[in-house]
Every structure is written in structure tokens, then in C-alpha cells.
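Working notes for the structure below.
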């Protein structure tokens with residue numbers, strides 16, 4: 001029987017953590033085969049109390065950023081399968097662990113398993129739009145590789161199997177991504193900052209590139225509830241995770257072939273909302289899903305947020321210069 005290690009970085013996560021841990025403990029899978037490691041960055045709310053109540057092992061994340069917490073948890077994890085989880089995640093269904101374990105048992109080549117992020121029944125309408133795009137408007141616009149892989153993949157009863165070409169990357173890294181521990185632990189053993197997407201890209205580049213994907217609700221991700229949540233998250237991710245850490249990161253998962261052209265197109269698509277509105281209206285009609293109508297506003301907000309940060313931050317200007325100016329002659 002394969003064992004699981006859930007690594008969950010936290011900081012004042014009491015609002016979501018109980019439901020997160022409950023979804024793990026309610027699995028129809030032996031309790032002794034599942035460990036939970038909470039890497040806490042100094043919470044002052046009830047986070048640690050909740051973690052202790054659900055028999056979690058608590059680690060002190062002195063560097064506070066979530067990715068350092070994942071590094072800390074991975075180093076201590078003992079399970080055959082490593083789950084990079086978040087406090088605002090919940091497993092979908094009580095058979096989740098058994099279902100995931102079976103995929104790894106049936107094919108030793110599989111290095112990682114992931115699936116569709118879903119919006120919970122009580123989530124705000126905005127989170128239901130997030131469940132449609134699975135990430136942020138920019139990533140959704142730039143990276144459509146998963147759609148291509150699914151079209152050519154070997155499909156079993158409920159999941160797809162395929163090999164990831166590192167030149168055609170996936171934006172995978174957290175929110176329930178399950179790794180075969182022996183193939184990812186060394187990747188995370190670095191002193192410098194490592195983003196969760198970077199870790200997956202490194203593993204793929206090392207040749208451990210066979211993965212499985214469930215195109216059905218896999219993990220509930222309670223990502224946003226108000227429109228104001230998103231600019232705050234985008235600002236934090238861009239400044240603290242990219243501008244400040246760009247020297248040590250492997251960004252091949254983002255800056256793939258055609259990135260510059262697609263990024264410029266996205267700016268026009270988002271800043272001139274007529275394009276994103278027409279696109280969203282078409283998708284809403286085709287899929288009969290009204291939540292697509294959040295797309296023009298979310299795209300506009302992200303574009304404006306990123307443009308302001310790039311112009312106002314020296315590190316941002318340097319990053320853009322490196323991407324668009326220095327590479328032009330290559």
C-alpha cells in the first residue's frame with residue numbers, strides 16, 4: 001500500500017484549514033498511511049490549534065513564504081506519494097486517496113498526478129469563474145498545452161496519461177499535485193528559493209515526464225471570494241515570488257516558445273476589453289455558463305496591475321528588458 005504525505009504551508013489559515021484537514025481525514029484509506037505536515041509561517045489565529053486537533057505534524061517555517069514551507073515539509077515527508085496542498089484546498093470525494101494511489105500502482109512510469117480544480121458549492125460566483133480558467137487570466141491565455149496533450153493522450157476510464165515535453169510545459173505545481181516522492185525530493189533539496197511550478201518543470205526536464213490528469217473535479221480550491229482578492233494576490237506573486245526571486249528560478253514553464261508574442265497580444269486583448277468581452281460572450285453561449293462574463297473584468301484588472309508594477313518597480317523593468325529587449329537579437 002502506498003503512503004501519502006500532505007505538505008501544507010500555512011499563515012493565519014484558520015478560515016479554511018479545518019475543512020481542508022477534514023477532507024483528508026475522511027478518506028476511505030488507512031489513517032496510518034496518511035501523514036499531514038503543516039509548515040507554519042507564524043500564525044496568530046487558530047491555525048495551529050486546528051492543526052493539532054487533526055493530528056498534524058507542525059513545522060516552523062521561519063522564512064514564511066509558502067514555497068519555503070513546501071521545501072521544509074518535503075524534506076521531512078516520509079510518504080511514497082507527496083501531495084503539495086494548500087489550506088484553501090479540499091479533496092473531492094472520500095475515495096480520492098484510493099483513486100490516486102491506484103494510478104501510481106498501475107503504472108510505475110507515472111511521476112505525477114493532478115486533476116481539475118473545482119469550486120465548492122458555497123463559494124462566491126467569482127470562484128466559479130476561477131474554476132473555468134483553472135489559474136489566472138494571463139496563464140489561461142498563454143498556456144493551452146494541456147488541451148493539446150489531452151487530445152493525443154491515452155485515456156483510461158477516468159483519466160488521461162501522457163508525456164510532457166519540457167519545451168511545451170504545463171503550469172502545474174500545487175493545489176493537490178501528487179508526486180512520486182523518490183522523483184521529486186531531490187528537486188526540492190535546494191537552499192535557494194524554488195517555486196512550485198519550477199519544481200515540476202525541473203522534474204520534467206530530468207526525464208520524469210509521464211503524468212496522469214483527471215479531467216473531473218479533483219480538488220476544491222477556494223481561491224477568491226471578492227474581486228479585490230485577485231489584484232492583491234497578483235501583486236504579491238509578481239513582486240515577492242518573481243521580481244525578488246527571478247535570479248534563482250527556473251521559469252521555463254512560463255517563458256516557452258512564442259511567449260513574447262502571446263504576452264503582447266494578451267495586453268491588447270485585456271486592456272481593450274471589447275476583445276475579451278466578445279470572447280467571453282462566445283464562451284458563455286457555447287458552454288452555457290454565465291460565469292465567463294467575469295473574464296473581461298478579471299483580464300483588465302490583471303493587465304493593469306501587472307503594467308503598473310512593471311513600470312513602478314526597478315526589478316520589474318529589468319525583468320521585462322531581459323525578456324523583450326535583450327533577446328530580440330538572438
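For every residue, the table says whether it meets (1) at positive phi; (2) in the same structural domain as residue 63 (by TED's automatic domain parsing); (3) at pLDDT 95 or above.
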{"residue": "181", "(1), (2), (3)": "no, yes, yes"}
{"residue": "189", "(1), (2), (3)": "no, yes, no"}
{"residue": "194", "(1), (2), (3)": "no, yes, no"}
{"residue": "204", "(1), (2), (3)": "no, yes, yes"}
{"residue": "240", "(1), (2), (3)": "no, no, no"}
{"residue": "243", "(1), (2), (3)": "no, no, no"}
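In a residue-by-residue description of the range 113-129, the property of being part of a helix (DSSP H, G or I), in contact with a strand residue (DSSP E or B) (Cβ under 9 Å, 6 or more places away or on another chain) and under 20 Å from residue 24 (Cβ atoms) applies to no position. If only residues of the range 11-32 that are closer than 19 Å to residue 79 by Cβ and touching a residue at least 40 places away in the same chain (Cβ under 8 Å) are counted, the one that is nearest to the chain's Cα centre (by Cα) is 20.
Of the helices (runs of 4 or more DSSP H) entirely within the range 137-216, those holding at least 3 residues that are closer than 29 Å to residue 306 by Cα and touching a helix residue (DSSP H, G or I) at 6+ places or on another chain (Cβ under 9 Å) occupy 137-142, 196-205. Listed by position, the helices (runs of 4 or more DSSP H) contained in the range 253-330 that have at least 2 residues being under 27 Å from residue 199 (Cβ atoms) and either out of contact with any strand residue (DSSP E or B) (no Cβ under 8 Å at 6 or more places or on another chain) or modelled with pLDDT of 95 or more (or both) are 259-271, 295-312, 314-320. Under the condition of being under 28 Å from residue 206 (Cβ atoms) and either surrounded by 18 or more Cβ atoms within 10 Å (Cβ to Cβ) or in contact with a helix residue (DSSP H, G or I) (Cβ under 9 Å, 6 or more places away or on another chain) (or both), the residues counted in the range 110-136 number 10.
The values are calculated or read from the model by the stated rules, or taken from the named source; none is laboratory data. As the structure is a prediction and not an experimental result, all values here were calculated from the model. No Cβ is skipped: glycine too gets one built from the backbone with ideal geometry, and neighbour counts run over all protein chains shown.
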